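Engineer: This is the structure I want to talk about, given as structure tokens.
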Amino acid sequence: MDAALIPPGVQRCDFKKFAIWIGFVLLLLLWGLYGTALCLIKGLNQTHMNNYYGFALWIFLDLGVIALGAGAFFTGFLRYIIGIDKLKNIINIAVIIGWCCYGGALLILAIDVGQVLRAWHVFWYPNVHSMLTEVSFCISCYFMVLCVEYFPLILENPQLDKNRFLRILSHNFHEYMFIFAALGTFLSFFHQGSLGGTFGVLFTRPFAYRTGFFIWPWTFFLFILSAIASGPALTLLVTWFMQKVTRRKLVTYDVLELMGKIAGTLLCVYIVFKLLDTWYWATHVLPSKGMTLMDCYKGWFGSYGLWLLVAELGIFGVVPAIILVTPKLRKKEFWLILGALFDCIGVSINRFVMVLQSSAVPTYPFDKWPSYMPSWQEWATFGMVVAIALLVISLSYRYLPLFPQEKELNAN
Amino acid sequence: MGYEHKEERSHAEKYVMVIDIDKCTGCGACVVACAQENNIPVRTDETDKYLSLNWLVIYRVTNGEPFPKTKVVYVPRPCMHCDDPICVHVCPANATDKDAKGIVSQIYPRCFGCRYCMAACPYHARVFNWYDPTYPKGTERGFNPDVSTRMRGVVEKCSFCNHRYQRARDKAIAEGRVVLEDGEYIPACAEACPTNAIYFGNVKDPESKVSQILKKEKPYVFRLLEHYGSKPSVYYISRQPWVRERLDWMLEQEHKQYNKKS
């Protein structure tokens, strides 16, 4: 039915199967849209946020997906600026994942503010000292860059490619893509960094506060490092998962392995600095505020327990770093995927504690640990973002030549 | 260990609040006066205090000892109007500012409700309008015309009743004066306190009541979350050493010092 839209030389499942899958995704999208509509119409009282949890699930997810979506800019940087040619085989999906992550984050941010129609105030009355201003400018600009990077991919659809003007336009976009890759790298570096800075500058929230270099707290650099260490890992995971779902070879194993190597090397660097940062924070920063490490954790186990720190730095930090930098382990698919998965989980825990634990740690010695469980509307809104990502990836995979190696790898 | 106020601005006025915890009975008159003065909305269901709109709250703090050794104090907590206000630094839209007389303001029509200031403020002095403002029937007639009501989706906070300052200043200018006299401008909470536990005034005037109290009670004066570094403009007084220890995080040497006193 839609054969004319499918790139030549590749096989796709029949339209009925695809339509059923898209139907499920649309159901999730509808649920999300309903939750979103409630939040927009009735207000943020539809969530379980409160005066202690001004930042909650949505901001955690924002930070999480932005870190995990860093594969787009970093793979682009390595491909177009550093010149690692092999990455051309995976750059397209990296861009699409990045587009979904950044677009989703923007969408959630728009719902998360109390007065959506005034969101432009951040651009009109910017406070140049606020990290959130930097975040807002960078995410908006970088999303535009991602759109520019995604656009020539769309033009490669066989029907659009028939048009001479669009074909030349697409070709020229590809020719000059290094400019957008450089611009995207610059913007995304600052974006990731300023997200880290958003929490690191809070000298009144000892859990998040970090000293730093010049105007930037250490979290500024740690967020960049952790993003470029986990972004390629998510790109690897998604590609591997797509191969399993479609039962087709999309990239050669050495490309996945290379992504794992990049993620692992950067994760090693990140973990070393993160361990140093945690040591300095626990032994110098917290005592200077009159607090101890255990004042910032609710015992060892349970919500906000010290196990989160052990999990973040140990099980999901040091362990994947070792797995991914060890060539022998990387060569085995199981370890490569496990390493990438643990890498993503570790960075997600980092974003979780920075957002939620920063709010939860009692600021007064006599205060209680507040509790928070997201409402279904908050989950639904997140579901909407997931649905949009699934929709975009599914449609792109079906109708665009995303993987240059696919034809060759599935020749039989 | 007392506190000496360091002048950080060149303006002739710098308003501070001094709260004598030992005098506070926790009656809540200040909270009610604040709510009425500032048109603070009231919902039918106020059971979840984390959603309530209060510019001033009272914490009940005990010494943690079982009966009969239990001791209790009540700690009124308005906005601290910090000299290094983290909320002002972080607000992305310049919707909050610190003026020359030391008051941290909030521009409601500019705030777009990102709540970064709430995530930053360690005093929980900032509250969010989760709901559309509602008032018990008939109370609209008692609205204060000098204070704007706030809309859903913005952050609000204590203003040290800034409108009262403007009113007092208008009067002073009409009378040919520039600087207000001591006591001419005080917030509703200080005015309503039946035990005179809340003092308010210009700390740059050495003759003002607050300057005198801060001088006289110097060994017993402290600020909340002192080591966080935001330099609050609200001072507390308590002559009971355990109170200071329960109310704030203390450095190791301070613990030793207070244990000796206890």
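Engineer: I'd like the mean, over residues of B:104-112, of how many other protein chain beta carbons sit within 10 Å of each residue's own Cβ.
Structural biologist: If you average over the peptide's residues, the count of other-chain Cβ atoms is 3.
Engineer: Where a ≥ b ≥ c are the square roots of the eigenvalues of the C-alpha gyration tensor, would you call region B:20-112 rounded, which needs a/c under 1.5, or, failing that, prolate if a/b is larger than b/c, or oblate? Walk me through the numbers before you get to the answer.
Structural biologist: On the way: a/c = 2.29, a/b = 1.66, b/c = 1.38.
It comes out prolate by the Cα gyration axes.
Engineer: Also: Modelled label-to-label distance, residue A:172 and residue A:211, 7 Å Cα→beta-carbon offset: nm?
Structural biologist: So the label points at residue A:172 and residue A:211 sit 5.4 nm apart.
Engineer: From largest to smallest, what semi-axes in whole angstrom does chain B give when each is the square root of 5 times an eigenvalue of its alpha carbon gyration tensor? Provide the component values of the computation, followed by the final result.
Structural biologist: On the way: eigenvalues 165, 112, 71 Å².
Value: 29, 24, 19 Å, ordered largest first.
Engineer: According to a simple spin-label model (label point 7 Å from Cα along Cα-to-Cβ), what is the distance in nm between residue A:282 and residue B:170?
Structural biologist: 5.9
Engineer: Next question. Suppose the chain between residue B:215 and residue B:84 were pulled fully straight at 0.36 nm per residue; how much longer would it get relative to their current alpha carbon spacing?
Structural biologist: Values: separation 131, 0.36 × 131 = 47.16 nm, distance 2.28 nm.
Full extension from residue B:215 to residue B:84 adds 44.9 nm.
Engineer: Same structure, new question: Can you tell me the orientation of helix A:333-352 relative to chain A, as the angle in degrees between its alpha-carbon axis and the longest Cα principal axis, to the nearest 10?
Structural biologist: Taking the Cα atoms of chain A, the angle to A:333-352 is about 40 degrees.
Engineer: Restricting to Cα pairs below 8 Å that are 6+ residues apart, what does the relative contact order work out to for chain A? Please round to a whole percent.
Structural biologist: Value for chain A: 28 percent.
Engineer: If each DSSP helix of 4+ residues adds -39,500 (n - 2.57) and the sum is divided by the residues in chain B, what number results at 222 nm, nearest 500 deg cm²/dmol?
Structural biologist: Details: 8 runs with 62 residues, N = 262.
So the calculated ellipticity at 222 nm is -6000 deg cm²/dmol.
Engineer: For chain A, what does -39500 (n - 2.57) per DSSP helix run (n ≥ 4), summed and divided by total residues, give at 222 nm, in deg cm²/dmol to the nearest 500? All intermediate terms of the calculation are to be shown ahead of the outcome.
Structural biologist: Numbers: 17 runs with 257 residues, N = 412.
That comes out to -20500 deg cm²/dmol.
Engineer: Between residue A:164 and residue A:2, what length comes free when the chain is fully extended (0.36 nm per residue of separation minus the Cα-Cα distance, one decimal in nm)? Present the calculation step by step, with values, prior to reporting the outcome.
Structural biologist: Numbers: separation 162, 0.36 × 162 = 58.32 nm, distance 2.19 nm.
56.1 nm is the gain from fully extending residue A:164 to residue A:2.
Engineer: Give the relative contact order (percent, whole number) for region B:15-261; include only Cα pairs under 8 Å separated by 6+ residues.
Structural biologist: 28
Engineer: Can you work out the FRET efficiency for the pair residue B:256 and residue A:147, with r the C-beta to C-beta distance and R0 = 60 Å, to the nearest 0.05? Write down the numbers at each step before the final one.
Structural biologist: On the way: r = 61 Å, r/R0 = 1.01.
Result of the calculation: an efficiency of 0.50.
Engineer: Tell me, what are the semi-axes, in whole angstrom and largest first, of the equivalent ellipsoid of region A:191-247 as set by the roots of 5 times the Cα gyration tensor eigenvalues? Write out the running numbers ahead of the final one.
Structural biologist: On the way: eigenvalues 229, 21, 9 Å².
Gyration-tensor ellipsoid for region A:191-247: 34, 10, 7 Å.
Engineer: Something else: Of B:46, B:65, B:181, which is the most mobile in a GNM of chain B whose springs link Cα atoms less than 10 angstrom apart?
Structural biologist: Among B:46, B:65, B:181, the largest mean-square fluctuation in the Gaussian network model of chain B belongs to B:65.
Engineer: Additional query: If one computes the Cα centroid of region A:9-54 and of region A:396-412, what distance in Å separates the two points?
Structural biologist: What the calculation gives is 28 Å, centre to centre.
Engineer: Evaluate the Debye formula for region A:1-111 with equal point scatterers sitting on the alpha carbons, no solvent, and hand back log10 of I(q)/I(0) at q = 0.10 Å⁻¹, in q order, two decimals.
Structural biologist: -0.50
Engineer: Oh, and also: Other chains' Cβ within 10 Å of A:278-288 residues: what's the mean? Could the numbers behind the result be given before it?
Structural biologist: Details: counts 0, 0, 0, 0, 0, 0, 0, 0, 1, 4, 4.
Mean partner-chain Cβ count within 10 Å for A:278-288: 1.
Engineer: So what is log10(I(q)/I(0)) for region A:224-293 at q = 0.19, 0.23, 0.28 1/Å, when the Debye sum runs over its Cα atoms only?
Structural biologist: Result of the Debye calculation: -0.76, -0.92, -1.08.
Engineer: Taking the Cα atoms only, what angle lies between the long axis of helix A:91-112 and the longest principal axis of chain A, rounded to 10 degrees?
Structural biologist: Its long axis makes an angle of about 50 degrees.
Engineer: I'd like to know how region A:56-365 sits against the 2.2 N^0.38 Å rule of thumb: what's its Cα Rg over that expected value?
Structural biologist: On the way: Rg = 20.1 Å, N = 310, 2.2 N^0.38 = 19.5 Å.
The reported ratio for this selection is 1.03.
Engineer: May I ask which of B:49/B:98; B:101/B:209; A:289/A:368 have a Cα-Cα span longer than 23 Å here?
Structural biologist: Values: B:49/B:98 28 Å; B:101/B:209 17 Å; A:289/A:368 18 Å.
Those over the limit are B:49/B:98.
Engineer: When Cβ neighbours within 10 Å are restricted to other protein chains, what is their mean count per residue of peptide B:81-93?
Structural biologist: On the way: counts 0, 1, 0, 2, 1, 5, 1, 3, 8, 10, 7, 17, 14.
Taking all residues of B:81-93 together, the mean is 5.
Engineer: Kindly provide log₁₀ I(q)/I(0) values, in the same order as q = 0.09 Å⁻¹, from the Debye equation applied to equal alpha-carbon scatterers of the protein assembly as shown.
Structural biologist: At q = 0.09 Å⁻¹ the computed log10 ratios are -0.82.
Engineer: Does anyone have the angle between helix A:164-175 and the longest principal axis of chain A? Alpha-carbon axes, 0 to 90°, nearest 10?
Structural biologist: It works out to around 50 degrees.
Engineer: Continuing with the same structure: For an R0 of 41 angstrom, estimate the FRET efficiency from the Cβ-Cβ distance between residue B:179 and residue B:63 and round to the nearest 0.05.
Structural biologist: Values: r = 42 Å, r/R0 = 1.03.
Once the sixth-power term is evaluated, E becomes 0.45.
Engineer: If I stretch the segment between residue A:245 and residue A:13 completely, what's the gain in nm (0.36 nm per residue apart, minus their alpha carbon distance), one decimal? It would help to have the intermediate numbers written out before the result.
Structural biologist: Working: separation 232, 0.36 × 232 = 83.52 nm, distance 1.08 nm.
Once the chain is fully extended between residue A:245 and residue A:13, it gains 82.4 nm.
Engineer: Give me the dipole magnitude in Debye, nearest 20, for region A:200-263 about the Cα centre, with unit charges on the beta carbon: positive for Lys and Arg, negative for Asp and Glu. Present the calculation step by step, with values, prior to reporting the outcome.
Structural biologist: Working: 7 positive and 2 negative charges, 51 e Å.
Here region A:200-263 has a charge dipole of around 240 debye.
Engineer: With a 10 Å cut-off between alpha carbons and a GNM built on chain B, which of B:144, B:39, B:129 moves the most?
Structural biologist: Comparing B:144, B:39, B:129 in the GNM, the peak value goes to B:144.
Engineer: Obtain the radius of gyration and the Kirkwood radius of region A:148-191 from its C-alpha atoms and give Rg over Rh.
Structural biologist: Values: Rg = 12.4 Å, Rh = 11.1 Å.
Answer for region A:148-191: 1.11.
Engineer: Gaussian network model of chain B, Cα springs within a sub-10 Å range: biggest mean-square fluctuation belongs to which of B:25, B:139, B:62?
Structural biologist: B:139
Engineer: Apply 1/(1 + (r/R0)^6) to the Cβ-Cβ distance of residue A:123 and residue B:27, taking R0 = 41 Å, and write down the FRET efficiency to the nearest 0.05.
Structural biologist: Working: r = 47 Å, r/R0 = 1.14.
After rounding to 0.05, the efficiency reads 0.30.
Where a number appears in this text, it was derived from the coordinates with a stated rule and is not lab data. This structure is a prediction, so every number in the text was calculated from the model and none was measured. So basically every Cβ, Gly included, is an ideal-geometry build from the backbone, and we count neighbours across all protein chains shown.
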